[in-house]
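Worksheet: one structure, shown below.
The values are calculated or read from the model by the stated rules, or taken from the named source; none is laboratory data. Model, not experiment: these values are computed from the prediction. Just the protein is used for accessible areas: all its heavy atoms, side chains included, with ligands, DNA and RNA removed. Shrake-Rupley method; radii C 1.70, N 1.55, O 1.52, S 1.80 Å.
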Amino acid sequence: MEGLYSHVTLTMEQEIADSLQTRWLRFAASEGEHWKVPAPTALAYDLEEWWKQQVKAAQGFDR
């Protein structure tokens, strides 16, 4: 969200992350016996750098 929305605060980002984590844990608890829930792993690439490139490309597209 950083770089796209200047009004998003760190608190708002944390609330979103907490909400997504809660939803994931509820899903895993309800489906764990029926479906193998994969454990989250580190991304194989630098997500922050990828996002910066996407924003830069989008800014160039608008011009």
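Descriptive notes on the structure:
- Gained length - Leu47 relative to Trp24, 0.36 nm times residue gap less alpha-carbon distance: 6.2 nm
- For Glu49, the accessible surface of its heavy atoms amounts to roughly 80 Å² (probe 1.4 Å, protein chains only, rounded to the nearest 10).
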